[in-house]
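The values are calculated or read from the model by the stated rules, or taken from the named source; none is laboratory data. For clarity, every value in this text was computed on a predicted model and none was experimentally measured. Reconstructed Cβ throughout: ideal geometry from the backbone, glycine too, with neighbour counts over all protein chains shown. The area values use the complete protein model at the heavy-atom level, side chains included, leaving out ligands, DNA and RNA. Shrake-Rupley method; radii C 1.70, N 1.55, O 1.52, S 1.80 Å.
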Amino acid sequence: MPKVLAPSARGPMRLSLFLLPTLKESPAEAQIVSHRLSLRAGLVRQMSAGIYAWLALGFRVLKKIEQIVREEQDRAGCQEVLMPTVQSAELWQESGRYDDYGEEMLRFNDRHGREMLYGPTNEEMITDIFRQYVKSYRDLPKNLYQIQWKFRDEVRPRFGVMRGREFLMKDNYSFDLDFEGAKRSYENMYQTYLRTFARMGLTAIAVRADPGAIGGTLSQEFHILAETGESKVFYDAGLDSLGPEDVEAAQQLYACTEEKHDPAACTVPPDRLREARGIEVGHIFYFGTKYSKAMNVEVAGPNGESIVVEMGSYGIGISRLVGAIIEASHDEKGIVWPEPVAPFRVGLINLRSGDAACDKAADALYEKLNAAGIEVLYDDRDERSGVKFATMDLIGLPWQLVVGPRGVKNGVVELKRRAGGESEELSVESALARLVD
RNA sequence: CGGGGUGUAGCGCAGUCUGGUAGCGCACCUGCUUUGGGAGCAGGGGGUCGGGAGUUCGAAUCUCCCCACCCCGACCA
């Protein structure tokens, strides 16, 4: 049967058609495990310092993460928009940040000599869009988000996609009439973030970015707990048992990064104080009227009075999450993707490509998996078993389905979980049933 | 931006001190043998030695200038 390319990027795939440049050895520049594995598993390729091309496998992960973030934003009542990456300097001059931002902003001139920049964030632009259209208190609240590439010209990019100069970020912006409304928006995002990270199979802790200010600016960072995390976090064990619904309770509990942690001010009993390492993957921030004042954003109130709107902004580092998830979920053999973000759910291994019976059994199983709508990467390459196992372990698909000469003779296939490694021999039907659940 | 380091085949490295026209492992190609955890043997392809200028009969190697990348620190989704 001729090989046919899958119709969409999210479809099934035969490994013989897939660009998967795996490496046996780690490139010297990669120091931390997620960077090493993302290069070894062929997820990305570095094109410049802190700038990466997303290869087929990595792109699928990126899209999975993006989609989860998108669904949770939509569920929270936010609307997706898409703003340009290239912005004119004018808006930034208006907010006053054009001079403040410094070297991190990538600036250039267009052919007419106009000052342009590659957006590091979008507060000015979204504020401008908002003020063009929203004139009445009746139109509030609003919460707009986008998933777009940003550029921050970091002095020292590192850690692969965890700290690139170009990165994919979900950023959203809330507009409210008063502080009470802005606080509701903030808490709504707090919940949404916990839910979003939980859906990716991650444990996230919200730490106060500014624990000292009482009743002041609201700002929290979300850290994914991973042994190799960049920053140390301290938090009240009570947070471990709280879910996304428990905003009020969670906001009362202590949680800080190492820099902000003050043992003298920490009131958590020693037996409840947890210490862990984390990677910052999200940030929520209420900033009141900082931009709306500078950029003159007012709506008419019920009595015709002018009201300066209250704003907040919220970010999730989508491309950073790819690295962060690997940091949080890997072993000595490779990546262990949590199912919701895995590039494929199942890796189908034909242990003896070229053997008529094995080819027939594996091809048939591939068709059945496709028909059942299960995302499968089918290793139909003419390679030795060891190579195929090593590849599958490295790229970390949640399930491995192994078709070999032994099993084919007995009418069974082997179903193996990447995490944990437990495996069992099952009939084709039972294996399929297990995966359909 | 301060401090340190590295650029030699797709990846990992040796060769540089002491100048003589480039090598090893993996990967790749061909053949045979193998075949349930990154095979063995044999043969083969691939390099403006980061770039430019200089010194020299001759430069990967010495000198000067540039560029890129990495690590530690300060800063960040």
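Heavy atoms only, 1.4 Å probe, whole protein assembly: order A:ASP437, A:ASP178 by accessible area, highest first.
Details: A:ASP437 145, A:ASP178 70 Å².
Sorted by accessible area, descending: A:ASP437, A:ASP178.
Taking H as built 1.01 Å from N, whose amide H comes closer than 5 Å to the amide H of A:ARG274, not counting residues under 5 places away?
For A:ARG274, whose amide H was placed from the backbone, the distant partners under 5 Å are A:TYR235, A:ASP236, A:ALA237.
Which value at 222 nm does chain A reach when only helices count, each DSSP H run of 4 or more adding -39,500 (n - 2.57), with the total divided by all residues and rounded to the nearest 500 deg cm²/dmol? Before the final figure, lay out the partial values.
Details: 13 runs with 135 residues, N = 437.
After summing the helix terms and dividing by residue count, I get -9000 deg cm²/dmol.
About the Cα centre, and with charges only on the beta carbon of Lys, Arg (+1) and Asp, Glu (-1), how big is the dipole of segment A:223-304? Nearest 20 debye, please.
Values: 7 positive and 14 negative charges, 70 e Å.
I would put it at about 340 debye.
Assuming R0 = 60 Å, can you tell me the calculated FRET efficiency for the pair A:GLU298 and A:ALA364, based on Cβ-Cβ distance, to the nearest 0.05?
0.35
Hey, which lysines would be in cross-link range of A:LYS409, C-alpha to C-alpha under 27 Å, not counting anything within fewer than 8 residues on its own chain?
Correct list for A:LYS409: A:LYS3, A:LYS360, A:LYS368, A:LYS388.
Please list, in order, the residues from segment A:298-312 whose amide nitrogen is less than 18 Å from a point placed 7 Å along the Cα→Cβ vector of A:SER136.
So the set is A:298-309.
Given a Förster radius of 22 Å and the C-beta distance between A:LYS183 and A:ARG75 as r, what FRET efficiency does 1/(1 + (r/R0)^6) yield to the nearest 0.05?
After rounding, the FRET efficiency stands at 0.65.
With a 1.4 Å probe and all protein chains kept in place, how much accessible area does A:LEU82 have, in Å² rounded to the nearest 10?
120
How high is the FRET efficiency between A:PHE287 and A:GLU258 when r is their beta carbon distance and R₀ equals 25 Å, given to the nearest 0.05?
Values: r = 25 Å, r/R0 = 0.98.
That pair, A:PHE287 with A:GLU258, gives E of 0.55.
Could you tell me what percent of the accessible area of chain A is made up of carbon and sulfur, with a 1.4 Å probe and every protein chain present? Write out the running numbers ahead of the final one.
Details: 9980 of 20200 Å².
Of the solvent-accessible surface of chain A, carbon and sulfur hold 49 percent.
Consider a paramagnetic label point 7 Å from the Cα of A:ALA356 along Cα→Cβ; state which residues of segment A:412-429 have an amide N under 13 Å from it.
Correct set: none at all.
Compute the distance from the alpha-carbon center of segment A:314-389 to that of segment A:15-77, in whole Å.
After rounding, the separation between the Cα centres reads 14 Å.
If each residue of separation counts as 0.36 nm, what is the full-extension length gain between A:ASN410 and A:ARG199 once their alpha-carbon separation is subtracted?
Values: separation 211, 0.36 × 211 = 75.96 nm, distance 3.86 nm.
Net length gain for the segment: 72.1 nm.
Gaussian network model of chain A, Cα springs within a sub-10 Å range: biggest mean-square fluctuation belongs to which of A:PRO269, A:PRO338, A:PRO21?
Of the options given, A:PRO269 has the highest mean-square fluctuation.
Are there any helices in chain A, counted as whole DSSP H runs, that stretch 18 Å or more along their axis by Cα and score at least -0.5 on average by Kyte-Doolittle, and if so which?
Working: long enough: A:56-75 (28 Å, -0.66); A:179-199 (30 Å, -1.10); A:356-371 (22 Å, -0.14).
Going by DSSP H runs, the hits are A:356-371.
Can you pull the accessible area of A:ARG107 for me, 1.4 Å probe, Å² to the nearest 10?
Number for this one is 90 Å².
A:VAL44's amide H: which non-local residues (gap 5+, or another chain) put their own amide H closer than 5 Å, with H modeled 1.01 Å from N in plane and none for Pro or chain starts?
Counting only residues 5 or more places away or on other chains, the set is A:LEU55.
Top to bottom by accessible area (1.4 Å), largest first, where do A:SER430, A:SER319 land?
Values: A:SER430 50, A:SER319 5 Å².
I get A:SER430, A:SER319, largest accessible area first.
Once the dipole of chain A is set up with Lys and Arg at +1 and Asp and Glu at -1 on Cβ about the Cα centre, which of A:LEU351, A:ASN109, A:GLN132 lies farthest towards its positive end?
A:LEU351
Which one of A:ALA53, A:ALA249, A:ASN303 has its Cα pushed farthest toward the positive end of the charge dipole of segment A:33-331, where Lys and Arg give +1 and Asp and Glu give -1 at the Cβ?
So the residue furthest toward the plus end is A:ALA53.
Might you tell me the accessible area per residue for chain A, computed with a 1.4 Å probe and given in Å²? Please list the in-between numbers first.
On the way: 20200 Å² over 437 residues.
Roughly 46 Å² per residue, with all protein chains present.
Antiparallel DSSP bridges in chain A: what percent, to the nearest 5? Don't jump to the answer; show the numbers that get you there.
Details: 70 of 85 bridges.
Expressed as a percentage, antiparallel bridges in chain A total about 80.
Once both labels are modelled 7 Å past Cα along the beta-carbon direction, what's the A:GLU29-A:GLU227 spacing in nm?
For A:GLU29 paired with A:GLU227, the spin-label model returns 2.8 nm.
For segment A:23-32, just list the computed ³J(HN,Hα) in residue order, Karplus coefficients 6.51, -1.76 and 1.60, θ = phi - 60°, integers in Hz, with x standing in for Gly and Pro.
10, 7, 10, 8, x, 4, 6, 8, 9, 9
Would any residue of segment A:66-93 have its amide N under 19 Å from a label point 7 Å out along Cα→Cβ of A:HIS112? List them or say none.
The answer is A:84-93, whose backbone nitrogens lie closer than 19 Å to the label point.
Might you work out the accessible area of A:MET189 for me, using a 1.4 Å probe with all protein chains in place, and round it to the nearest 10 Å²?
Counting only protein heavy atoms, A:MET189 exposes about 0 Å² to solvent.
Once label points are set 7 Å from the Cα along Cα→Cβ at both A:ALA53 and A:ALA371, what is their separation, rounded to one decimal in nm?
Reported label-point gap for A:ALA53 and A:ALA371 is 3.9 nm.
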